[in-house]
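Reviewing the structure listed below.
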Amino acid sequence: MSEVTLPLVAVSVRERPAFVTFTLRLIREKPLGAFGGAIFVLFLFFGLFADFLIPYGVNETDLRVRLEAPSADHLFGTDHLGRDVLSRVLIGAQLSMTIGFVAAGVATIISIVLGVLSGYFGGKVDMLIQRFVDAWMCFPDLLFLMVVISIIGAGVPQIVMALSLIYGIAGSRIVRGSVISVRENMHTHAARCMGAKTMHILVRHILPNIMPVVIVLFTTRVGAAILTEAGLSFLGLGVPPPTPTWGGMLSGTGRTYMYMGPWLALAPGLCLTIVVYAINVYGDALRDLLDPRMRGSR
Amino acid sequence: MQAYITRRLLALLPTLILVSLIVFFCQRLIPGDVIDLMLSQNDLATDLDRAVIEAALGFDQPMYIQYFSWIGDVVQGDLGDSLWQNTPVTQQLAETMPITFELGFLALIVALTVAIPIGIYSAVRQDTAGDYVARSFSLLMLAIPGFWLGTLVMVFPSVWWRWSPELEYVPFFEDPLQNLSLMIVPAILLGLSMSAVTMRMTRTMMLEVMRQDYVRTARAKGLSEVAVILRHALRNGLIPVVTLIGLQVPLLIGGAVIMERIFVVPGMGLLLLEAISQRDYPVVSGVFVVVGFGVLLINLAVDLSYGWLDPKVRHQ
């Protein structure tokens with residue numbers, strides 16, 4: 001089969017900033033992905049302004065209204081202590097989004113550092129780092145997190161740190177792969193021939209070219225971190241009560257009351273599913289637009 | 001083939017050593033904690049007791065000696081004794097591991113029976129309504145947390161129909177039917193969440209393979225569509241899917257911990273949770289040794305089967 005490949009000519013005469021152009025393209029070509037992105041931003045908004053949005057205090061108990069079904073006063077109902085579920089879910093969103101974002105951010109930085117070290121310099125460094133990553137990936141995220149948190153204690157900073165490490169090291173393999181392919185590009189060779197310093201090559205030639213992969217990696221990690229943290233809280237090892245977490249609201253003492261108030265089982269899980277679903281479809285769309293080679297891999 | 005196996009086994013060695021180092025350092029990061037806990041249970045504790053306990057546990061030795069004596073024991077199949085129950089860790093693992101293994105195995109069967117047919121259907125009918133439904137379903141399964149699904153299965157049937165899943169564990173060899181009826185619910189839930197990734201992968205690979213020349217040749221020589229898909233496309237398309245199954249084993253184990261907690265299945269996950277809450281480090285590291293080495297072995301098996309499935313790999 002012989003197909004004639006036409007040379008691609010990049011014409012960029014648009015005056016709009018790149019971000020706006022990209023968002024418009026996302027909406028046009030991947031409506032579902034854009035929708036996911038919108039929901040993601042909405043939850044981010046809920047998280048950022050949760051303190052102003054909550055109708056009741058998070059830990060404000062009111063025994064006159066314990067276990068009330070969802071109503072106009074309490075949109076998501078109340079729990080066994082008469083606390084407003086909507087308020088708790090909103091503060092839970094704050095926690096989940098913070099943990100997801102910060103952990104994914106730090107993880108991505110770790111992945112870039114390790115991936116570039118491993119992919120660009122190759123040789124013994126690469127060998128050593130990659131065997132370590134192999135060993136690291138033998139352990140399930142959740143199990144690792146459980147043990148690390150049991151040692152260093154359960155608080156938001158500790159969980160963020162542990163998650164960043166877990167995802168950072170695992171993600172370095174993906175960054176490494178793309179660094180290796182960029183390293184062999186003509187412009188990198190040319191820069192090296194002209195005597196550019198290593199740091200200059202890394203910052204000006206390698207980094208910009210691996211950005212698509214990095215952005216996709218970051219997006220998927222936000223979802224993964226939120227899910228894993230929820231799993232940890234569900235097992236009772238996450239941020240301790242009375243701080244409301246989505247995972248924690250589904251476990252512990254609240255569990256026994258779910259049979260009397262089934263709505264308690266709905267809101268936190270539904271929020272988790274919606275956020276992670278939105279992030280996943282958004283990440284998929286980003287990947288398809290930014291880096292077609294990664295399509296279908298996860 | 002033999003050279004291939006040897007090469008793979010040799011490549012495994014450094015990883016094995018690193019796995020053991022990770023386990024060891026996780027276990028020893030804060031060894032003082034467990035001694036504090038033990039001492040706090042005993043009012044007469046003095047500094048002398050602390051030294052005695054430290055010596056008994058070997059914590060007074062330099063780190064590298066501790067590591068070598070530990071790894072020496074591990075190689076001989078001795079994972080130490082539980083700090084609280086005074087039973088060998090290996091015995092506890094021998095009791096719980098088959099249960100987790102059964103759960104994982106059932107989940108894998110569920111995942112494959114769901115994922116592969118739907119993945120093939122989705123690829124063959126690309127961009128039809130059925131394809132979209134299948135893909136949305138898999139994206140949704142990726143997003144739904146297993147513990148929420150488990151909670152819903154516990155709560156809603158009980159509220160609506162007064163039915164709830166069995167929670168009284170019965171060993172398989174005592175009453176296979178009763179055992180399966182207990183395990184099937186968590187296995188289905190775990191399998192469903194696992195099926196999402198496999199389904200996506202099957203679809204992608206099938207789409208890729210269906211565009212190949214040999215598939216066109218098979219069609220051109222007049223084979224039925226079913227024969228083309230099953231005999232020519234599927235066999236080639238499934239090779240990367242096998243690798244993916246190996247990569248998913250850690251996820252499967254993580255999910256099993258949560259399912260065991262919800263459905264009170266006395267497997268390794270519950271053992272680990274209990275050990276963590278009691279800071280029973282020998283048990284924790286025992287579970288980690290088994291999980292780490294188990295995952296390595298499964299990936300080795302996957303790699304080897306890859307060589308067997310795909311002659312090209314063998315001769316590289």
Quick one, what does Rg over Rh come out to for chain B if you take C-alpha atoms and the Kirkwood Rh? 1.06
Which of the residues in region B:121-157 show a loss of at least 20 Å² in accessible area from their chain by itself to the complete set of protein chains, at a probe of 1.4 Å? B:Leu139, B:Leu140, B:Leu142, B:Ala143, B:Pro145, B:Phe147, B:Trp148, B:Thr151, B:Met154, B:Val155, B:Phe156
Calculated from DSSP H runs of 4 or more alone, at -39500 (n - 2.57) each and per residue, what is the 222 nm mean residue ellipticity of chain B, nearest 500? -26000 deg cm²/dmol
Using a 10 Å cut-off on Cβ to Cβ distances, tally the other chain neighbours for every residue of B:9-15 and report the average as a whole number. 3
In whole Hz, with x marking every Gly and Pro, tabulate ³J(HN,Hα) for region A:162-175 from phi via Karplus 6.51 cos²θ - 1.76 cosθ + 1.60, θ = phi - 60°. 5, 5, 4, 5, 4, 6, x, 5, 5, x, 4, 5, 5, 4
Stokes-Einstein D in µm²/s, Kirkwood radius over Cα pairs - the protein assembly as shown at 25 °C with 0.890 mPa s viscosity: 92
Please state, to two decimals, what the Cα-based radius of gyration of region A:133-290 comes to when divided by 2.2 N^0.38 Å (N = residues). 1.35
How long are the semi-axes of the equivalent ellipsoid of region B:101-220, taking √(5λ) for every eigenvalue λ of the Cα gyration tensor, in whole Å from largest down? 35, 18, 10
With all protein chains present, how much of the accessible area of region A:183-298 (probe radius 1.4 Å) comes from carbon and sulfur, to the nearest whole percent? 66
What are the residues whose amide H is under 5 Å from the amide H of B:Asp81, where those residues sit 5 or more places off or on another chain and H is modelled from the backbone? B:Val89
Within chain B, excluding any trypsin sites (Lys or Arg not before Pro) found in a DSSP loop (not H, G, I, E or B) and having at most 16 other Cβ atoms within 10 Å, the longest uninterrupted segment runs B:1-124
Between the helical axis of A:18-29 and the dominant principal axis of chain A, each derived from Cα atoms, what acute angle in degrees is found, rounded to the nearest 10? 70
At R0 = 22 Å, how high is the FRET efficiency between B:Leu304 and B:Ile184 if r is their beta carbon distance? Nearest 0.05 is fine. 0.10
Shielding score for A:229-239, defined as the mean number of other chain Cβ atoms within 10 Å: 3
Helix-only estimate, please: 222 nm mean residue ellipticity of chain A, summing -39500 (n - 2.57) across DSSP H runs of length 4 or more and dividing by its residues, to the nearest 500. -21500 deg cm²/dmol
Positive dipole terminus of region B:54-188, leading residue within B:Thr100, B:Pro171, B:Gln126 (C-beta point charges): B:Gln126
At a probe of 1.4 Å, how much accessible area disappears from chains A and B on forming the pair, both sides counted, to the nearest 100 Å²? 4200
Mind listing, in residue-number order, the residues in region B:262-309 that have at least 10 Å² less accessible area with every protein chain present than in their own chain alone (1.4 Å probe)? B:Ile262, B:Leu272, B:Leu273, B:Ile276, B:Arg279, B:Tyr281, B:Val284, B:Phe288, B:Val291, B:Gly292, B:Val295, B:Leu296
Given Cα pairs under 8 Å that are at least 6 residues apart, what percent is the relative contact order of chain B? 27
Per-selection Rg to Rh, chain A - Cα, Kirkwood hydrodynamic radius: 1.06
Counting only heavy atoms of protein chains, what accessible area per residue, in Å², does the protein assembly as shown have with a probe of 1.4 Å? 49
In nm, spacing of pseudo-spin labels at A:Arg204 and A:Leu270 (7 Å Cα→C-beta vector): 5.5
For region B:209-316, take the alpha-carbon Rg, divide it by the Kirkwood Rh, and send me Rg/Rh. 1.22
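The values are calculated or read from the model by the stated rules, or taken from the named source; none is laboratory data. Keep in mind that what you see is a predicted model, and the values were worked out from it rather than measured. Methodologically, a virtual Cβ is constructed for each residue, glycine included, from the backbone with ideal geometry; neighbour enumeration extends over all protein chains shown. Ligands, DNA and RNA are stripped out before the accessible areas are found, and what is left, the full protein with its side chains, is counted by its heavy atoms. Shrake-Rupley method; radii C 1.70, N 1.55, O 1.52, S 1.80 Å.
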